[in-house]
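*Asks:* Next up is a structure, given as C-alpha cells.
The values are calculated or read from the model by the stated rules, or taken from the named source; none is laboratory data. Quick caveat: nothing in here was measured; it's all calculated off a predicted structure. Heads up, the Cβs are rebuilt from the backbone with ideal geometry, glycines too, and the neighbour counts pull from every protein chain shown.
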Amino acid sequence: MTDVKPVPEPKRKTLRDEHAQVTRQRIADAARRLFLRSGYAATTLVEIAVEAGVAVQTVYAVFGSKAGILDALRESVMAQPEARDFYREAMASPSAARRIELFARSIRWRWERSADVTAITWKLGSRFSKPARKTAALSFWSSTSKIRLLSITRAF
C-alpha cells in the first residue's frame, strides 16, 4: 500500500492581501493619471499619494520611487491577460496565417490599452537624444515582442 499525501488546499488570499492589492492599484492608477496630465518629471510622490488617498510613506513602501511606479505600469501593459490569451491561441494554431493574425491582435490589444503609458515613457525620453528616447519608449516592448515574433516566424 502506498502512502498518498493529501494535496494542500490553495492558499486563500487574506483580507490584508486584498487591501494591499487595492492600495497598489490605486497608487498606480493615480500615478498614471498624473504622469499623463502633468508629466513624469513634474509629478511628485506627494501628489500621487494625495490622488490615491494614501500616505506618501505608503507610496514609498509599495513602489520605492516614481521609477518603480513607472516600471509597474510598463509591466501591467505586458501582463494583460486578454493579450496573453491571444498569444497563447496564436502559438497553438496550426495555421501560420492565424498565428500571425492572433499575434498582431495581442500586440494591438496592448497598444490600444496602453497608449498613455507609451506617451508617458516617450515624453520622459524626450529629454534625451533621439536614440535614447526611442530606447526609453520601446524598451519594455522589445524583448517580449521579439521573442514572440521569433517563435511565430520559426513555424514557417
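*Asks:* Consider only pairs whose beta carbons are under 9 Å apart and that are at least six residues apart or on different chains; among these, list those whose first residue lies in segment 1-13 and is surrounded by 10 or more Cβ atoms within 10 Å (Cβ to Cβ) and whose second residue is at pLDDT 75 or above.
*Replies:* Correct list of pairs: 13/21.
*Asks:* Looking only at segment 75-104, how many residues end up being closer than 24 Å to residue 117 by Cα and among the polar types (S, T, N, Q)?
*Replies:* 2
*Asks:* May I pose another question? List the number of the failed condition for residue 25; all other conditions in (1) touching a Leu at 6+ places or on another chain (Cβ under 9 Å); (2) at pLDDT 95 or above hold.
*Replies:* Of the numbered conditions (1) touching a Leu at 6+ places or on another chain (Cβ under 9 Å); (2) at pLDDT 95 or above, the odd one out for residue 25 is (1).
*Asks:* Let me ask you something else. Residue by residue through segment 20-66, note down the ones that are among the aliphatic types (A, V, I, L, M) and within 13 Å of residue 117 (Cα to Cα). Can you show your working first?
*Replies:* So in segment 20-66, the residues among the aliphatic types (A, V, I, L, M) come out as 20, 22, 27-28, 30-31, 34, 36, 41-42, 45-46, 48-50, 52, 54-56, 59, 61-62.
Within segment 20-66, 28, 30, 31, 34, 36 meet the criteria.
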